[in-house]
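What follows is a short report on a single structure.
The values are calculated or read from the model by the stated rules, or taken from the named source; none is laboratory data. Only a predicted model underlies this, so the values are computations on that prediction, with no experimental measurement involved. Backbone-built Cβ (ideal geometry, glycine too); neighbour counts: all protein chains shown.
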Amino acid sequence: MIIYYTAVDSPLGQLYLAQHANGLCCLSLGGGAQDKLYSYIRKIFPTAELKASKPPLQDAIQQLTEYFSGGRTHFDVSLFLTGTDFQKQVWNGLLEIPYGKTISYGDLADRLENPGGMRAVGAANGQNPIPIIIPCHRVIAADGSLGGYTGGLEIKRKLLDLEQQKYTPTLF
């Protein structure tokens, strides 16, 4: 099995994307993004051959470019998610959060019919392998604070501000 990957410049710094034959499987951002991508691929697909190649990821790159320019509010790239059933349930729940909106971890747990499961939802949220496209940045603490984010809170704030039209990034 071959996993294709590439680095892409973005207003948030370099993003690293990985594509399995069945769909996008990883997007890594923030400090150490390249190492995070390699670690994730080695953990989930230990026998995969990693091959640097941009063409298999062109659709995802194009959609991210449109998102950062304010022209895209929903992604429609094929995704290949690997995780527990609960994690996949949470990640699919994240896809239902509208662009420009936020909800709390508790609200997401309630939507998933897991009242009181906000810590479990937060843990699954933190394991999201495809941030931005699966919008875990839209989940915040009940008190309105940002909570955590895999790419760092500065990136989470920029994503939320972009979606609420408070931030216009300098494109690539």
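Grab the strands (runs of 3 or more DSSP E) fully contained in the stretch 1-64, keeping just those with 1 or more residues being closer than 22 Å to Leu153 by Cα. Let's see the steps before the verdict.
On the way: elements: 2-10, 13-20, 23-28, 49-52.
Of the strands (runs of 3 or more DSSP E) lying wholly inside the stretch 1-64, those with at least 1 residues that are closer than 22 Å to Leu153 by Cα span 2-10, 13-20, 23-28.
Just one of (1) out of contact with any helix residue (DSSP H, G or I) (no Cβ under 7 Å at 6 or more places or on another chain); (2) at pLDDT 95 or above fails for Glu113. It is (2).
Evaluating Phe80 against the criteria (1) touching a His at 6+ places or on another chain (Cβ under 7 Å); (2) surrounded by fewer than 16 Cβ atoms within 10 Å (Cβ to Cβ); (3) farther than 23 Å from Asp161 by Cα leaves one unmet condition, (2). Scanning for something within 25 Å of Asn22 (Cα to Cα) and among the acidic types (Asp, Glu), does the stretch 79-93 turn up at least one residue? Yes, the stretch 79-93 contains a residue that is within 25 Å of Asn22 (Cα to Cα) and among the acidic types (Asp, Glu).
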